[in-house]
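Data block below; observations after.
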Amino acid sequence: MFKLAEPEKIGKYISDLVERSNYKSQRQFCIAWLEYEKQPIDDVVVNKRSNKFSQIKKGRKSIQLQDLPVFCSLLHVSCEEILSAGEEFKPEKQRLTNYAVAFSKEEEVWEEYVNDVENLILNADERGNTVLDYAVKFKNTDFIDYLVEKGYIWFDDGDEGNVDYSMSNFGAGTSIKRRTVSDYDYYLQPQLQNVAFRGKIMALAIEKNDLKLLKEMKAREIPDYYYRNFYHSGRWMIGDMCRNTASEDQNYNDFYNRYLVDNIADADEKIIDYYTDSFKISKDVDNIPGNYRFTYLFISELLEKLVVNNHRFAENALKKAIKYSEETYAEVKKQLIEYINEDFKSMGGEEADAEYAAELKRGIVEKYLDEFEYDEKTEIIRVSLLSYRREEYMRIVRNLIHVNAESDNLILKPLINQLNELFSRILNIKNEILKEA
């Protein structure tokens with residue numbers, strides 16, 4: 001039992017709570033009060049409510065019974081604390097926390113938390129966990145989907161043409177505004193951009209068969225790996241200077257997650273279908289045009305698991321890998337021959353005598369084939385093309401696919417052989433072009 005304070009003391013205490021809160025003014029608090037009650041907002045209504053608050057603040061009017069829960073919710077205090085003017089404190093049983101909100105399945109609760117003026121959703125709690133940490137723990141993909149659909153968070157900024165692959169993220173972020181003090185509300189943004197946490201969300205989405213969330217996250221792509229291995233490893237151009245980057249940058253095993261690949265192999269077929277599709281990166285890296293088409297980086301390991309498990313989707317997955325490999329072979333060979341022939345023609349090879357033409361052709365072929373690189377550690381091929389006539393630099397970068405597993409399945413066995421033969425043909429494309437030239 002507590003003693004009810006005088007109206008003047010209650011009014012002053014409420015006024016002090018508002019001043020110490022994140023509301024910038026009495027008027028802002030009154031607007032939040034009206035919004036809580038789902039009242040229409042205009043100057044007349046706000047002024048009227050502000051006058052009512054002034055009367056309460058000065059003790060000329062007592063706080064009304066129906067307004068008490070609103071004040072408790074907006075100011076995050078108990079009824080006892082308000083009515084005793086700060087002499088009696090009780091824990092707020094219904095207070096929203098990262099834990100409670102991530103556990104909830106109610107959209108109204110999520111929306112209230114997102115719009116809380118103290119921005120608790122952007123911060124870690126006393127245990128060091130954000131609301132997304134708890135959402136992963138409780139496997140609440142509905143909540144994560146809600147935040148994405150409403151535009152409160154994103155794992156990809158959506159501007160595909162401006163993806164910065166030098167970062168380890170796709171511009172992940174939040175639209176929930178931070179408070180003015182820079183030390184506040186800083187936990188959620190870096191968490192969304194964290195590679196390890198991104199993996200946790202992917203694993204949860206796979207478990208829940210949430211294909212929409214996987215697509216929102218561009219779950220097949222690993223930007224940091226692309227930057228370190230696809231674009232800036234081996235030989236690359238800086239102006240007119242050719243530079244060799246250090247091979248130790250290539251850390252394939254740092255990115256391989258066996259448990260994640262196992263989860264994909266055991267997932268719903270629509271998830272496996274997504275991970276075995278190829279995709280194109282449209283961004284011209286370093287302003288160099290190129291053909292950047294890839295499959296999931298660990299597609300070979302995934303295919304091997306499907307084959308070993310005799311998965312019913314293994315046939316489709318192998319056929320998709322074969323189609324991708326055929327396109328890779330055709331594209332690489334076509335571009336190399338096209339550039340070779342263009343340079344040969346531009347340098348007068350067609351009008352030259354046979355001996356000089358043969359020598360010229362061999363020199364051009366060797367120049368281009370020297371730019372064909374295969375990185376065994378990452379199973380990436382890079383073809384750098386700089387035409388004598390075009391005077392422009394262009395790259396082809398793709399990952400290759402092969403399967404080490406064997407199968408007695410009469411359907412899978414020939415598909416595995418076909419895929420592996422294509423893998424060998426791509427690796428030996430240099431000898432093939434030399435022989436033809």
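Give the residue that is farthest from residue 405 (Cα to Cα), with candidates limited to residues of the range 306-332 that are buried (at least 17 other Cβ atoms within 10 Å of the Cβ), in contact (Cβ under 8 Å) with a residue 60 or more places away in the chain and not hydroxyl-bearing (Ser, Thr, Tyr).
Looking at the filtered set, the residue picked out is 332.
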State which residue pairs qualify: first residue at positive phi and inside the range 145-171, second residue at pLDDT 55 or above in any location, beta carbons under 6 Å apart, and separation of 6 or more residues or different chains.
-> 151/175; 171/157
Counting only residues in the range 19-51 that are within 17 Å of residue 62 (Cα to Cα) and in contact with a helix residue (DSSP H, G or I) (Cβ under 8 Å, 6 or more places away or on another chain), the one surrounded by the fewest Cβ atoms within 10 Å (Cβ to Cβ) is identified as 50
Select from the range 1-18 the residues that are over 44 Å from the mean Cα position of the chain (by Cα) and exposed (fewer than 15 other Cβ atoms within 10 Å of the Cβ) and list them in ascending order.
-> 1, 2, 3, 4, 6, 8
Just to be sure, is residue 385 surrounded by 16 or more Cβ atoms within 10 Å (Cβ to Cβ), free of Cβ contacts under 8 Å to residues at least 60 places away in the same chain and closer than 24 Å to residue 292 by Cα?
-> yes
Enumeration of residues in the range 333-378 that are surrounded by 15 or more Cβ atoms within 10 Å (Cβ to Cβ) and in contact with a strand residue (DSSP E or B) (Cβ under 9 Å, 6 or more places away or on another chain) | 335, 336, 339, 368, 371, 372, 374, 375, 378
Please determine, by comparing only the residues of the range 136-179 that are assigned to a loop (DSSP other than H, G, I, E, B), modelled with pLDDT of 65 or more and among the hydrophobic types (A, V, I, L, M, F, W, C), which one is nearest to residue 102 (Cα to Cα).
-> 138
Please indicate, with yes or no, whether at least one residue in the range 182-203 is modelled with pLDDT under 80 and within 30 Å of residue 318 (Cβ to Cβ).
-> yes
Pick out the one residue from 28, 64 that is farther than 27 Å from residue 179 by Cα and free of Cβ contacts under 8 Å to residues at least 24 places away in the same chain.
-> 64
Can residue 109 be described as in the same structural domain as residue 130 (by TED's automatic domain parsing) and either touching a helix residue (DSSP H, G or I) at 6+ places or on another chain (Cβ under 8 Å) or in contact (Cβ under 8 Å) with a residue 24 or more places away in the chain (or both)?
-> yes
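Of all residues being among the aromatic types (Phe, Trp, Tyr) and within 24 Å of residue 203 (Cβ to Cβ) in the range 102-139, which is nearest to the chain's Cα centre (by Cα)? Just the residue, please.
Out of the qualifying residues, it is 134.
The values are calculated or read from the model by the stated rules, or taken from the named source; none is laboratory data. This structure is a prediction, so every number in the text was calculated from the model and none was measured. Glycine gets a Cβ as well: all are built from the backbone with ideal geometry, and neighbour counts include every protein chain shown.
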